[in-house]
Amino acid sequence: MFRNVFFSGLLTVTVFSALSYGDFVPVAAIPGSGLQGLNGEFWHGVGSQGSIAGNDAYVAANPVPTETFQINQINTANVADSTSLKSFLNSGTSVATNFSAGDGSQYDTHQSYFIFTGYLAVTAAGTSTWNFETNSDDYTQLLINGTTVLARTSSDAPTKTGTAVFDGPGLYAFTLKFSNNGGGIQVIAAADQTGGGNFNPISSSSFYETTASTAAPEPAAWQLLTAGCVLLAAGLRQRKASRSDSICE
């Protein structure tokens, strides 16, 4: 992010903060009620692509995921990649549901690729700074509103950090890409919402699957009562009209 600093009108110096990836604008308001968590896509047996870019190229050629699911948060345990998809995604404090094919137990996670998408809810008034951290085996890329905030692009330190500045409360598009080449597998998405270094896994209360509110369905009994009131009112109007005609005669 660039900021201008002025010195008594003599000159203007532009200072660049290497940790900040710019101000982000909300894409929608936080819904009063909604489906909380993230959407997930999983590709099995992608081969050893060696990077997020390599996996994206694989997905471009093979756009249909092996499995889709919903997950509350990204905070798995470190397990062997012979572990089933279901067990991996339901390890740590992560809970995955609504698998599109079976229950996710039919696939292991060896040489696999994941894309988690949804919306991050920022509730603080005014501008706020979040520091993000991922801990992964192997590669990750975190994007806010389509802009990369952090990335682990090679077999270096498993922990990566980045910063995002949010322009007010609302929902911000959230994407986390994650790949496993082989061996152990783990992924954690954490943040410090005050801009510090006290990282905690981002909770499900901060994630929304969509920007839309989910209104509770109207109970059948209430629908029947409403319909009955409408019919009763119509009957009373008809009876009143008939009585008026009789009087006029």
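Pick out the one residue from GLY104, GLY37 that is touching a residue at least 24 places away in the same chain (Cβ under 8 Å) and closer than 27 Å to PHE199 by Cα. Step through it out loud before you land on a result.
Working: GLY104 fails: closer than 27 Å to PHE199 by Cα.
When all the criteria are applied, what remains is GLY37.
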> Only one residue in THR68, THR97, THR76 is under 20 Å from THR134 (Cβ atoms) and within 20 Å of the chain's Cα centre (by Cα). Which one?
Replying inline: THR76
> Take the residues of the range 31-48 that are buried (at least 18 other Cβ atoms within 10 Å of the Cβ) and among the hydrophobic types (A, V, I, L, M, F, W, C): which is farthest from ALA212 (Cα to Cα)?
Replying inline: VAL46
> Out of curiosity, is VAL46 modelled with pLDDT of 95 or more, out of contact with any Lys or Arg (no Cβ under 6 Å at 6 or more places or on another chain) and assigned by TED's automatic domain parsing to the domain that holds ALA173?
Replying inline: no
> How many residues are closer than 16 Å to GLY183 by Cβ and in contact with a His (Cβ under 8 Å, 6 or more places away or on another chain) when one looks only at the range 44-89?
Replying inline: 3
> Can you tell me which of ALA173, ALA190 is part of a strand (DSSP E or B), surrounded by fewer than 19 Cβ atoms within 10 Å (Cβ to Cβ) and under 17 Å from the mean Cα position of the chain (by Cα)?
Replying inline: ALA173
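Each row is one residue, and each column tells you yes or no for (1) touching a residue at least 40 places away in the same chain (Cβ under 8 Å); (2) within 20 Å of the chain's Cα centre (by Cα); (3) within 20 Å of GLY34 (Cβ to Cβ).
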residue: THR117; (1), (2), (3): yes, yes, yes
residue: THR127; (1), (2), (3): yes, no, no
residue: TYR139; (1), (2), (3): yes, yes, no
residue: LYS160; (1), (2), (3): no, yes, no
> If we scan the range 184-197, do we find a residue that is under 30 Å from SER154 (Cβ atoms), touching a residue at least 60 places away in the same chain (Cβ under 8 Å) and touching a His at 6+ places or on another chain (Cβ under 9 Å)?
Replying inline: yes
> Do we have ALA212 as more than 30 Å from THR83 (Cα to Cα) and touching a helix residue (DSSP H, G or I) at 6+ places or on another chain (Cβ under 7 Å) here?
Replying inline: no
> Considering the range 93-144 alone, what residues qualify as being farther than 25 Å from GLY50 by Cα and among the polar types (S, T, N, Q)?
Replying inline: THR93, SER94, THR97, ASN98, SER100, SER105, THR123, THR127, SER128, THR129, ASN131
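The values are calculated or read from the model by the stated rules, or taken from the named source; none is laboratory data. From a predicted model like this one, the values you see are computed outputs, not experimental measurements. So basically every Cβ, Gly included, is an ideal-geometry build from the backbone, and we count neighbours across all protein chains shown.
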